[in-house]
Amino acid sequence: MKRSFDPSASRRALHLFTAGSLLCLSACGGGGGGGLLAGVVSAPGGGGGGIGGTGLTSSGTITGTGSIFVNGVRFDVDDAEIFINGAPASEDQLGLGMVVSVSGTVEEDGVNGTAQRVDYDPQLEGPVTTIERNADNSSARITVLGQSVIIERTSTVFEESSFDGIAAGDVVEISGYLDSDGRLRATRVSGEDTIDGSVKLSGIISNLLGQAFSIGTQSVDAGDAVLSDLPNTGLADGIFVKVEGELIDGVIRASEIEGRGAALTSLQVDDQITVEGTVADFDGVSGFTVEGLPIDAANASLNIGELALGNGLIVEVSGTWNGERVIATAISVRRGRIKIEAPLSGISDTQLSFEFAGTIINVDTDARTLFDDDRDGIEYLKIADLAIGDYLEVEALDSTGGLIATRVDRDDDDNESELQAPVQSFIDGLSVTLLGVTFDVTQADFENSADNAISSAQFFANLNNGALVSVSDGNPSDGFAEEVEFEFATALDGDREFSDDDEERLDTNELPQNILNYISANFPNADIAFSERDTDDNEIEVYLTNGTELVFDLSGNFLESELEDGEDSEDPEDPEDPEDPEDPEDPEDPEDSEDSEDPEDPEDPEDPNSPEDPSGS
């Protein structure tokens with residue numbers, strides 16, 4: 001008899017739109033610190049909340065058609081004006097994964113709307129110069145016009161290109177989101193035959209000297225460019241611009257340079273806003289940015305599943321503009337860290353089912369789920385196009401107990417199945433259990449979070465319940481793991497594998513002694529996978545075997561951690577920190593008088609049997 005694991009019988013819906021009053025803004029290019037709200041087009045209408053009065057502008061990734069789905073809303077585009085690169089276009093020129101700006105109205109149900117205008121403007125267009133793949137070949141970093149771009153096997157849409165086939169010299173058009181490190185995470189990569197007269201690049205100006213500057217490592221000559229939507233000071237270091245021009249001898253001779261922060265001046269106090277993009281400049285829940293908008297989420301409801309709010313997380317933020325920042329009421333994540341790769345064993349109108357070693361895992365889909373078809377090339381794959389036995393690669397998040405698919409990619413059949421999820425339980429040296437599936441690991445190979453081989457003993461010495469682990473099994477799954485690997489719980493594929501120019505790898509013997517002391521005291525069973533010195537932020541980042549990330553200053557003083565179970569901590573248990581609320585001798589610790597170290601308290605971080613104890617199993 002098959003067992004069933006269905007983590008969600010009911011899921012709380014997050015309503016992001018109310019008819020005629022809600023503004024949705026998101027990335028049509030931009031990034032941390034850039035002050036960007038790109039592609040905002042005012043909808044017609046009289047007074048009311050948001051830009052364009054009673055209308056709404058919604059920017060986000062196209063996830064489906066019929067007409068087009070953007071941010072969970074189906075927009076009818078039959079009578080809409082459509083523009084690509086500022087030129088009139090038709091609906092059939094729009095594609096899956098494009099980040100577009102839609103102006104129009106939304107009905108009372110919050111899921112159907114009518115578009116009056118749709119704008120698509122790619123962030124990047126030019127030749128690929130370098131490509132670097134991670135050890136699992138699940139993500140890669142390519143360089144286009146000096147811009148680092150992360151592409152993903154499952155979550156990037158490819159048109160006239162492919163994850164495996166992309167190569168140096170290819171000309172590509174890219175849409176996506178810039179992260180806090182200035183890298184573009186691609187939602188769509190389109191192959192082009194040649195450079196069609198011009199190249200395009202978006203980013204933050206640096207090294208300005210006269211009319212010449214850089215974006216990343218790409219040199220730009222603005223001497224003959226037409227400038228628009230720039231601050232009164234004109235070109236300046238630190239401002240976000242879109243550049244278009246010719247690539248001549250490695251330099252972009254710009255014909256147009258456009259600032260992209262002008263939309264901020266159109267916002268009025270009490271405007272209702274929803275912004276989609278990458279979290280940047282994170283300094284706590286009350287201070288961060290999304291696509292250049294300052295956000296205060298101190299009183300917001302968080303619907304981010306197993307992830308932690310921080311730099312790099314792709315989110316939707318809903319709230320009210322107070323004249324200086326968005327006072328957020330709700331934040332929801334747009335990407336997940338749970339992965340399933342297996343043949344489809346069951347299907348309904350909105351649910352997919354997969355079988356692992358006799359256990360059924362159910363995954364719901366919704367209007368935000370992006371379906372992609374790498375097998376048959378159907379441009380807008382729908383759940384109705386799927387059949388039992390189709391091999392699917394699914395990315396999902398655990399939302400209030402239920403698995404919700406963020407990406408579904410149909411691919412050619414594979415000879416293995418894979419399940420990635422937080423560990424629920426384990427037996428040392430024998431088995432691990434994920435999403436209700438228990439895998440025998442006695443014959444498995446093991447890897448740490450840096451994709452380096454480790455022994456079974458090392459794996460279990462570093463394992464805690466809640467750690468994100470990937471298990472490869474046969475196809476069909478028989479419950480006997482072939483490979484077991486730690487993953488980063490708080491980082492998407494490609495975030496940690498590729499070092500930037502300002503990141504220098506360090507050997508363990510190069511770390512300050514107080515860092516080693518801190519790890520020994522607080523994570524006594526943990527091994528170090530790798531460490532980096534970030535010269536831009538003046539920090540040392542240490543990544544443990546189980547995916548825990550620790551941040552120190554250059555002197556080795558602890559700053560913060562992102563634990564393997566996705567929880568964020570300013571200082572889990574520093575015995576020498578007099579302000580540490582977990583310090584049993586801290587006179588200001590309100591918990592001390594009641595329970596400094598209760599061995600029977602399941603929430604006690606000092607309890608060796610506590611599931612939250614970083615040293616317990």
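The values are calculated or read from the model by the stated rules, or taken from the named source; none is laboratory data. This one's a predicted model, so the numbers in the text were calculated from it and none came from an experiment. Virtual Cβ from ideal backbone geometry, glycine too; neighbours counted across all protein chains shown. Keep in mind that these areas ignore ligands, DNA and RNA; they rest on the heavy atoms of the full protein, side chains included. Shrake-Rupley method; radii C 1.70, N 1.55, O 1.52, S 1.80 Å.
Structure summary
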| quantity | calculated |
| --- | --- |
| Residue in segment 576-586 that is in a strand (DSSP E or B), open to solvent by 30 Å² or more (accessible area, probe 1.4 Å) and modelled with pLDDT under 90 present | no |
| Matching option when the condition is buried (at least 24 other Cβ atoms within 10 Å of the Cβ), at pLDDT 80 or above and out of contact with any Pro (no Cβ under 7 Å at 6 or more places or on another chain), among Thr154, Thr61 | Thr61 |
| Residue that is open to solvent by less than 20 Å² (accessible area, probe 1.4 Å) and assigned to a loop (DSSP other than H, G, I, E, B), where the choices are Gly319, Gly312, Gly323, Gly284 | Gly312 |
| Residues of segment 412-427 that turn out to be closer than 21 Å to Tyr391 by Cα and either surrounded by fewer than 17 Cβ atoms within 10 Å (Cβ to Cβ) or touching a helix residue (DSSP H, G or I) at 6+ places or on another chain (Cβ under 6 Å) (or both), as a count | 5 |
| Meets criteria (more than 26 Å from Leu184 (Cα to Cα), open to solvent by less than 60 Å² (accessible area, probe 1.4 Å) and not in a strand (DSSP E or B)) for Leu492 | no |
| Within segment 408-427, tally of residues that are among the charged types (D, E, K, R), assigned to a strand (DSSP E or B) and touching a residue at least 40 places away in the same chain (Cβ under 8 Å) | 3 |
| Per-region count, segment 428-452, residues within 19 Å of Phe488 (Cα to Cα) and either in contact (Cβ under 8 Å) with a residue 24 or more places away in the chain or not in a strand (DSSP E or B) (or both) | 11 |
| Odd one out for Ala115, checked against (1) over 24 Å from Gly377 (Cα atoms); (2) among the small types (Gly, Ala, Ser); (3) open to solvent by 20 Å² or more (accessible area, probe 1.4 Å) | (3) |
| Close pairs (8 angstrom Cβ cut-off, 6 or more residues apart or separate chains): over 13 Å from Asp237 (Cβ atoms) and in contact (Cβ under 8 Å) with a residue 12 or more places away in the chain in segment 194-223, buried (at least 16 other Cβ atoms within 10 Å of the Cβ) and among the hydroxyl-bearing types (Ser, Thr, Tyr) anywhere | Gly216/Ser148 |
| Extreme residue, surrounded by the most Cβ atoms within 10 Å (Cβ to Cβ), among residues of segment 338-382 that are part of a strand (DSSP E or B) and aromatic (Phe, Trp, Tyr) | Phe356 |
| Test for Ala342: is it within 19 Å of the chain's Cα centre (by Cα), hydrophobic (A, V, I, L, M, F, W, C) and closer than 30 Å to Glu160 by Cβ | no |
| Output for segment 495-525, where each listed residue is basic (Lys, Arg) and surrounded by 17 or more Cβ atoms within 10 Å (Cβ to Cβ) | Arg496 |
| Residues satisfying the stated conditions in segment 231-270, i.e. charged (D, E, K, R) and either modelled with pLDDT of 85 or more or open to solvent by 60 Å² or more (accessible area, probe 1.4 Å) (or both) | Asp237, Lys242, Glu244, Glu246, Asp249, Arg253, Glu256, Glu258, Asp270 |
| Residue check for Ile295: crowded, with 22+ Cβ neighbours inside 10 Å, modelled with pLDDT of 90 or more and either closer than 19 Å to Asp179 by Cβ or under 17 Å from the mean Cα position of the chain (by Cα) (or both) | yes |
| Selected residue (criterion: modelled with the lowest pLDDT) from residues of segment 502-530 that are out of contact with any Phe, Trp or Tyr (no Cβ under 7 Å at 6 or more places or on another chain) and part of a strand (DSSP E or B) | Glu503 |
| Criterion (in a loop (DSSP other than H, G, I, E, B), open to solvent by 20 Å² or more (accessible area, probe 1.4 Å) and under 14 Å from Gln123 (Cα atoms)) met by exactly one of Gly223, Gly182 | Gly182 |
| Yes/no for Ala225 being among the small types (Gly, Ala, Ser) and at pLDDT 85 or above | yes |
| Members of segment 428-452 that are of a type in the set (A, V, I, L, M, F, W, C) and either modelled with pLDDT under 95 or open to solvent by less than 20 Å² (accessible area, probe 1.4 Å) (or both) | Val432, Leu434, Leu435, Val437, Phe439, Val441, Ala444, Phe446, Ala450 |
| Criterion (assigned to a loop (DSSP other than H, G, I, E, B), closer than 25 Å to Thr156 by Cβ, out of contact with any helix residue (DSSP H, G or I) (no Cβ under 7 Å at 6 or more places or on another chain) and hydroxyl-bearing (Ser, Thr, Tyr)) met by exactly one of Ser499, Ser477 | Ser499 |
| Residues of segment 396-407 classified as over 15 Å from the mean Cα position of the chain (by Cα), at pLDDT 90 or above and either within 15 Å of Phe158 (Cβ to Cβ) or not in a strand (DSSP E or B) (or both), total | 0 |
| Among (1) modelled with pLDDT under 95; (2) open to solvent by 20 Å² or more (accessible area, probe 1.4 Å) - the single one Leu208 does not satisfy | (1) |
| Qualifying residue in segment 132-151 (condition: over 30 Å from Ser470 (Cα atoms), open to solvent by 40 Å² or more (accessible area, probe 1.4 Å) and either among the acidic types (Asp, Glu) or in contact (Cβ under 8 Å) with a residue 24 or more places away in the chain (or both)) | no |
